[in-house]
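Read the structure below first, then the notes.
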Amino acid sequence: MSTRGRRRRTGGRLPVVLLLPALLGLAFLLVPLIGLLLEAPWSTLPSRLFSAEVGQALRLSLICASAATVLCLLFGIPLAWLLARADIPGRGVLRALVTVPLVLPPVVGGVALLLVLGRRGLIGERLDLWFGLTLPFTTAGVIVAEAFVAMPFLVISVEGALRAADPRYEEAAATLGAGRWLTFRRVTLPSIAPGVVAGAVLCWARALGEFGATITFAGNLPGRTTTMPLAVYLALETDPDVAVVLSLVLLLVSVAVLACLRERWIGGLR
């Protein structure tokens with residue numbers, strides 16, 4: 001039987017037992033977002049969007065999310081290479097541990113960071129004693145908390161790109177006398193560039209929307225640690241319209257991220 005014939009047999013009327021739950025699920029996902037758009041204060045949106053409060057939270061969020069992404073790139077790419085190419089014992093266990101922050105409640109991650117990097121933590125006490133460096137309740141603490149929850153997104157994306165890359169190019173470079181570091185810079189890294197970009201964008205978006213680990217580890221200090229998600233939480237009690245405006249900005253960022261990655265994540269499913 002031809003492919004067209006098989007498609008004709010599997011087509012036709014959709015079964016109600018599947019169609020109805022599918023429509024309910026779609027409504028469950030879309031109606032809250034539509035409600036956010038309908039309840040937005042469009043008449044005062046420009047003035048609220050450019051207010052000092054929103055601008056401060058937006059600026060801090062962009063700076064912290066970008067710095068956290070750079071931190072994730074510096075440590076995440078070598079970690080992804082280790083998981084994808086290095087022949088080490090317990091690699092599966094190591095990969096599972098790396099992905100723990102994906103399923104770990106962010107508040108628990110914040111508590112773990114506080115216990116390790118706090119002033120009386122395992123490492124934080126020595127950082128404070130030796131270097132006078134304190135991370136909790138600082139802007140640097142926000143960056144660390146965001147990097148902790150966002151790095152697995154980058155590692156998974158880059159590891160997948162490394163596994164899909166053709167190793168013959170690296171072998172050819174090695175036969176021509178190139179060292180491992182030169183091969184990685186000139187051959188491996190360019191070949192996995194799309195995966196690195198996709199992972200960096202996902203990492204940045206996750207860092208931008210981080211709430212639980214940030215408020216637990218860095219607190220909620222206006223101008224220092226109050227990022228956009230935290231500002232939304234505060235504004236809900238004082239000025240709900242500002243909370244809606246900040247939520248719209250985060251929604252716009254999410255849509256932009258999906259638009260940037262549509263060929264990699266959506267197109268690949270077709």
Extension length gain for Ile88 and Asp241 (0.36 nm per residue less Cα distance), in nm, is 49.8 nm
Ordering Ile34, Ile192 by the accessible surface of their heavy atoms, 1.4 Å probe, largest first, yields Ile34, Ile192
Carbon/sulfur accessible area of segment 1-149, % of total, 1.4 Å probe, equals 72 percent
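For Cα pairs less than 8 Å apart in space and 6+ apart in sequence, what is the mean separation divided by the residue count of the chain, i.e. the relative contact order in percent? It would help to have the intermediate numbers written out before the result.
Numbers: 283 pairs, mean separation 71.7, N = 270.
Relative contact order for the chain comes out at 27 percent.
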For Trp81 the rounded accessible area (nearest 10 Å², probe 1.4 Å, non-protein molecules ignored) is 100 Å²
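Hey, if we sort Ser157, Ser47, Ser247 by accessible area with the 1.4 Å probe, largest down, what's the order?
Details: Ser157 5, Ser47 80, Ser247 30 Å².
Final ranking, largest accessible area leading: Ser47, Ser247, Ser157.
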Rounded to the nearest 10 Å², the accessible area of Asp239 using a 1.4 Å probe with every protein chain kept is 50 Å²
Counting only protein heavy atoms and leaving out ligands, DNA and RNA, the solvent-accessible surface of Glu171 at a 1.4 Å probe, in Å² to the nearest 10, equals 110 Å²
Segment 86-220: relative contact order from alpha carbon pairs under 8 Å, six or more residues apart, as a whole percent, is 37 percent
Quotient of Cα radius of gyration and Kirkwood radius for segment 24-101, i.e. Rg/Rh, equals 1.23
Gyration tensor on Cα atoms of segment 43-153, a ≥ b ≥ c root eigenvalues, a/c under 1.5 rounded, else prolate if a/b beats b/c, else oblate, says oblate
Cα extents of the chain per principal axis, largest first, Å, are 64, 63, 31
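Which value, in Å², gives the accessible area per residue of the chain when a 1.4 Å probe is used on the protein heavy atoms? Kindly include the intermediate steps, with their values, before the conclusion.
Values: 16510 Å² over 270 residues.
Accessible area per residue, the chain: 61 Å².
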Taking only protein heavy atoms and a 1.4 Å probe, the highest-to-lowest accessible-area order of Phe50, Phe75, Phe148 is Phe50, Phe75, Phe148
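The values are calculated or read from the model by the stated rules, or taken from the named source; none is laboratory data. What you are looking at is a predicted structure, and each value in this text was computed from that prediction instead of being measured. Just the protein is used for accessible areas: all its heavy atoms, side chains included, with ligands, DNA and RNA removed. Shrake-Rupley method; radii C 1.70, N 1.55, O 1.52, S 1.80 Å.
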